[in-house]
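So the structure is just underneath, and the comments pick up after that.
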Amino acid sequence: MNVKLFAVGVAAAIALSGAAYAGDAANGEKLAKTRCATCHTFEQGGAKKVGPNLFGVTTRGPGKAEGFNYSASYKAAAEKGFAWDAANLDEYITDPTAFLAKKTGDAKARSNMTFKLAKPEERADVIAYLATLK
Ligand code: HEC
């Protein structure tokens, strides 16, 4: 077997396996601008759109964007208390409604965010970018 090719293959496998992949914030910024920016702004003091401004989302806690009216399910989940760490963000962006159902324990919970990012590497990149917004 070609040892060099094998090494490249192993490196790629490690890079793509969720646990070991830390996320590329620069690519995450590009993805955020194309996938999330219809509904979110990212700069400090940015306006709300369909969704809240996301500057500082990883440090301010859930449901804290000033002047934004979160859904009832979202408020119920935030009241129970959770942090926007990488694991929670990953679950939320995968399926916001499923995330709120799990956090509230209410199968009828509904998120007002009707968007899902299916690819794990894209989620990791976007989450790495969100973590820089503080
Ligand atoms: C179609 C519009 C839409 C798109 C696209 C969208 N979102 Fe959202 N997002 C929302 C809405 C609406 C909420 C508020 C949810 C609620 O009240 O239930 C929200 C809430 C959030 C929150 C929680 C914010 C807080 O203040 O606690 C995060 C984090 C988030 N979105 C991340 C993302 C990311 C990352 C993307 C792109 C991958 C994205 N969203 C794409 C509409 C959207």
Q.
What lysines does K49 reach when the alpha-carbon gap must be under 17 Å and sequence neighbours fewer than 8 apart in one chain are set aside?
A. K33, K64
Q: Treat every Asp and Glu Cβ in the chain as -1 and every Lys and Arg Cβ as +1, leave all other atoms uncharged, and give the resulting dipole magnitude about the Cα centre to the nearest 20 debye.
A: 320
(Q) Under a crude label model (7 Å from the Cα following the beta-carbon direction), how far is A37 from E91 in nanometres? (A) 3.1
Q.
Given bins 10 angstrom wide, list per bin the percent of all Cα-Cα distances in the chain, short to long.
A. 12, 40, 31, 10, 5, 2, 0
Q) How large is the convex hull of the Cα atoms of the range 27-93 per residue, expressed in Å³ as a whole number? A) 94
Q) Quick one: length gained pulling K49 to K108 fully straight, 0.36 nm per residue minus the C-alpha distance? A) 18.7 nm
Q) 222 nm [θ] for the chain, helices only, -39500 (n - 2.57) per DSSP H run of 4+, per residue, to 500? A) -13500 deg cm²/dmol
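Direction-averaged shadow area of the convex hull around the Cα atoms of the range 71-134, nm²?
Values: hull surface 17.4 nm².
So the Cα hull casts an average projection of 4.4 nm².
We did not get these values from a lab; they are worked out from the coordinates using the rules stated. These numbers were taken from a predicted model, which means no experiment stands behind them. Cβ coordinates were reconstructed from backbone atoms using ideal geometry, including for glycine residues, and neighbour counts include every protein chain displayed.
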